[in-house]
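The values are calculated or read from the model by the stated rules, or taken from the named source; none is laboratory data. The structure presented is a predicted model; accordingly, all values stated were derived computationally and were not measured. We place every Cβ from the backbone using ideal geometry, glycine too, and count neighbours over all the protein chains shown. Side chains are part of the model used for accessible areas, which takes the heavy atoms of the whole protein and leaves out ligands, DNA and RNA. Shrake-Rupley method; radii C 1.70, N 1.55, O 1.52, S 1.80 Å.
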Amino acid sequence: MSLQTKKPGTAELDVPWGELGFEFRPTNSHVRVTYKEGEGWGKPELVTEPYIKLHIGATALHYGQACFEGLKAFCHEDGTVNIFRPDENAKRMQASCDRIRMAQMPTDLFIDAVKAVVNDNIEYVPPYGSGGALYIRPILFGSGPRIGLQPADEYTFVCLVIPVGDYYKGGLASPVKGLLITDFDRAAPRGVGAAKVAGNYAADLLPNMLSKKQGFPIGLYLDAKTQSKIEEFSTSNFVGIKHATNSYVTPKSPSVLPSITNKALMQLAEEEGMKVEQRDIDIEELDEFDEVLAVGTAVVVTPVGSITRLDGDDIKQYKFGEGEIGPVTRKLYDKVRAIQNGEVEDKYGWNVKL
């Protein structure tokens, strides 16, 4: 099939487009770009084989020099494919690279690489109306060999794509149960919590598995220093809604990853006349929220129906709503999805047409 005849939603998958879920599926290709000290960045190259030949001394393996991003491409009703805010992902990856001393990829090159891989996998973009998106996963890691603790002299950028549906089964239709994680920390104060580095997610693997075994699909972390303030969910930012004050409240902490979805929602909330507050949130304040949201690229917006704290035999449960989708959650979700799907005017310039 030539590039000219490829269209979104025409790939043959193992499930219908509306039942994708959020899991790995093979596609046509990924894109690869290499940086070498003294030479700079090369050009994006499309690669069909889903494997990487890596030096045994690579700093990604020894010292965790690795970061990644997550963004999505959406098919609009007119058949065009648009990528949501790739410039913001480029900036956040640059910040992550700076924190762990990796070569920063220029924004233009990042966006060119993203466009190239989406274009080569266009038939895997879920069709308009399916509720799905093409998830884009850029990764940058130290591929040059070092045995002493120091930055590599070579870095590899790869970007793969996967057609996805909801991250949590049921999506916005089903509020999830959250568990307050009190026996593990996600990130230390003044550590790398605000960078999207691989190690942050490794720290969550065990508590995430234990939470799910207890029937809680999402975990909420507290600050590592005092264990008294809300930080973020396992893979998403925390947002609390107060109806009485018309407030949108989200944590302000140097250990929290700045979510691009949260940034968009804050702007939309302000334009709806809400009071947006980025500040410390004490645990006790959970009793005051009428709605709680987990927000991020993968989940977009996931309503949280309850958060449970387990202290031995002592169980404390915070409930938000009556098992239904809150009105503010619904409004904000509908607004951001309408922009992503091209159903309303994108006055912010968030969508980048392929």
query = Looking at Tyr35, is it part of a loop (DSSP other than H, G, I, E, B), over 24 Å from Phe74 (Cβ atoms) and among the hydroxyl-bearing types (Ser, Thr, Tyr)?
reply = no
task = Look through Lys319, Lys347, Lys263 and report the one residue that is open to solvent by 20 Å² or more (accessible area, probe 1.4 Å), over 30 Å from Gly191 (Cβ atoms) and either in contact with a Gly (Cβ under 7 Å, 6 or more places away or on another chain) or touching a residue at least 12 places away in the same chain (Cβ under 8 Å) (or both).
result = Lys319
key: Residue count for segment 200-228, restricted to those that are in contact with a strand residue (DSSP E or B) (Cβ under 9 Å, 6 or more places away or on another chain), surrounded by 18 or more Cβ atoms within 10 Å (Cβ to Cβ) and either among the β-branched types (Val, Ile, Thr) or outside any loop (DSSP other than H, G, I, E, B) (or both)   = 9
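Looking at segment 214-243, which of the residues that are basic (Lys, Arg) and at pLDDT 95 or above is nearest to Asp287 (Cα to Cα)?
Per the stated criteria, the residue is Lys242.
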note = Given (1) closer than 22 Å to Ala113 by Cα; (2) hydrophobic (A, V, I, L, M, F, W, C); (3) in a loop (DSSP other than H, G, I, E, B); (4) open to solvent by 60 Å² or more (accessible area, probe 1.4 Å), Ala11 misses just (4)
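Applying the selection to segment 14-27, what residues are open to solvent by less than 50 Å² (accessible area, probe 1.4 Å), out of contact with any Phe, Trp or Tyr (no Cβ under 7 Å at 6 or more places or on another chain), assigned to a loop (DSSP other than H, G, I, E, B) and of a type outside the set (D, E, K, R)? Spell out the reasoning first.
To start, the set of residues in segment 14-27 that are open to solvent by less than 50 Å² (accessible area, probe 1.4 Å) comprises 15, 17, 20-21, 25, 27.
The next check asks that each one be out of contact with any Phe, Trp or Tyr (no Cβ under 7 Å at 6 or more places or on another chain); those that pass are 15, 17, 20-21, 25.
Next, from what is left, pick out any that are assigned to a loop (DSSP other than H, G, I, E, B): 15, 20-21, 25.
Of everything in segment 14-27, those that are open to solvent by less than 50 Å² (accessible area, probe 1.4 Å), out of contact with any Phe, Trp or Tyr (no Cβ under 7 Å at 6 or more places or on another chain), assigned to a loop (DSSP other than H, G, I, E, B) and of a type outside the set (D, E, K, R) turn out to be Val15, Leu20, Gly21.
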ask   = For Leu332, are the conditions met, namely being open to solvent by less than 50 Å² (accessible area, probe 1.4 Å), over 29 Å from Ala73 (Cα atoms) and not in a strand (DSSP E or B)?
value = no
remark   = In segment 330-340, residues that are more than 18 Å from the chain's Cα centre (by Cα) and in contact (Cβ under 8 Å) with a residue 40 or more places away in the chain total 3
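Being among the basic types (Lys, Arg) and closer than 14 Å to Pro175 by Cα narrows it down to one residue among Lys335, Lys275, Lys319; which is it? So that I can check it myself, show each step before the final result.
Working: Lys335 fails: closer than 14 Å to Pro175 by Cα; Lys275 fails: closer than 14 Å to Pro175 by Cα.
Answer to the check: Lys319.
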ask   = Which members of segment 139-163 meet the condition of being in a loop (DSSP other than H, G, I, E, B) and of a type in the set (A, V, I, L, M, F, W, C)?
value = Ile147, Leu149, Ala152
message = Among the residues of segment 117-138, are any among the acidic types (Asp, Glu), not assigned by the TED database to the domain that holds Gly312 and not in a loop (DSSP other than H, G, I, E, B)?
response = yes
message = Among the residues of segment 106-125, are any open to solvent by 20 Å² or more (accessible area, probe 1.4 Å), among the hydroxyl-bearing types (Ser, Thr, Tyr) and within 20 Å of the chain's Cα centre (by Cα)?
response = yes
note = Reported set for segment 47-61 where residues are open to solvent by 30 Å² or more (accessible area, probe 1.4 Å) and over 24 Å from the mean Cα position of the chain (by Cα) is Thr48, Glu49, Lys53, Leu54, His55, Ile56
message = For segment 83-93, check the following and say yes or no: at least one residue is more than 22 Å from Gly342 (Cβ to Cβ), surrounded by fewer than 19 Cβ atoms within 10 Å (Cβ to Cβ), out of contact with any strand residue (DSSP E or B) (no Cβ under 7 Å at 6 or more places or on another chain) and not small (Gly, Ala, Ser).
response = yes
key: Search result, residues across segment 144-167 that are open to solvent by less than 20 Å² (accessible area, probe 1.4 Å), over 25 Å from Lys353 (Cβ atoms) and of a type outside the set (A, V, I, L, M, F, W, C)   = Gly144, Tyr155, Thr156
request  = Filter segment 129-143 for residues that are within 25 Å of Phe110 (Cβ to Cβ) and surrounded by fewer than 21 Cβ atoms within 10 Å (Cβ to Cβ) and give the result.
outcome  = Arg137, Ile139
